[in-house]
Amino acid sequence: MAQAAQAAQGNVFDANSSQIQVEHDKKRRQFVIRLNGSHDRAVLLYEYVGKKTVDLQHTEVPDAYRGRGIAKHLAKAAMDFVVEEDLKAHLTCWYIQKYVKENPQPQYFEHIYQ
């Protein structure tokens, strides 16, 4: 019954689904997942703080979508970007710190300011 109510509200969202697409808006320096069409969005914000250094600053998922693993897709995309672009990263965002701790990839640690 609860799922039917959520479906009616359009809040049924499977974070493990292959339909999750993370968009990288380099101009606005953010990673975005569009939820429920394009109305709701989860975002991860970053800034360049040097020529080859980024600060992963903030991750935000709308309340209705929290606890579904959506932020981990943003965190993975951001860390993969840091590795692919051979950047160094400051992890200001507590969630990114948690993600890296829970997903200890050697290539991530090589690119993080400790």
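Between residues in the stretch 40-51 that are farther than 11 Å from residue 27 by Cα and residues that are acidic (Asp, Glu), which pairs lie under 6 Å by C-beta distance while being six or more apart or on different chains?
As it stands, the answer is 43/60; 49/55, since those pairs meet every condition given.
Quick test for you: out of 84, 60, pick the one residue that is modelled with pLDDT of 95 or more, open to solvent by 20 Å² or more (accessible area, probe 1.4 Å) and either of a type in the set (A, V, I, L, M) or within 15 Å of the chain's Cα centre (by Cα) (or both).
Result: 60 is the single residue among 84, 60 that is modelled with pLDDT of 95 or more, open to solvent by 20 Å² or more (accessible area, probe 1.4 Å) and either of a type in the set (A, V, I, L, M) or within 15 Å of the chain's Cα centre (by Cα) (or both).
Quick check on this structure: which one of 31, 13 is in contact with a Leu (Cβ under 7 Å, 6 or more places away or on another chain) and either at pLDDT below 90 or in a loop (DSSP other than H, G, I, E, B) (or both)?
Values: 31 fails: either at pLDDT below 90 or in a loop (DSSP other than H, G, I, E, B) (or both).
Answer to the selection: 13.
For residue 48, only one of the following conditions fails: (1) open to solvent by 80 Å² or more (accessible area, probe 1.4 Å); (2) in a helix (DSSP H, G or I). What is its number?
Condition not satisfied by residue 48: (2).
Is it the case, given these coordinates, that residue 114 is touching a helix residue (DSSP H, G or I) at 6+ places or on another chain (Cβ under 8 Å) and among the polar types (S, T, N, Q)?
Numbers: touching a helix residue (DSSP H, G or I) at 6+ places or on another chain (Cβ under 8 Å): no; among the polar types (S, T, N, Q): yes.
Criteria not met by residue 114.
Before we move on, is residue 74 modelled with pLDDT of 95 or more, more than 15 Å from residue 110 (Cα to Cα) and of a type outside the set (S, T, N, Q)?
Criteria met by residue 74.
The values are calculated or read from the model by the stated rules, or taken from the named source; none is laboratory data. Since the model is a prediction, treat every value here as computed from it, not as a measurement. Cβ atoms come from the backbone with ideal geometry, glycine included; neighbour counts cover every protein chain shown. The area values use the complete protein model at the heavy-atom level, side chains included, leaving out ligands, DNA and RNA. Shrake-Rupley method; radii C 1.70, N 1.55, O 1.52, S 1.80 Å.
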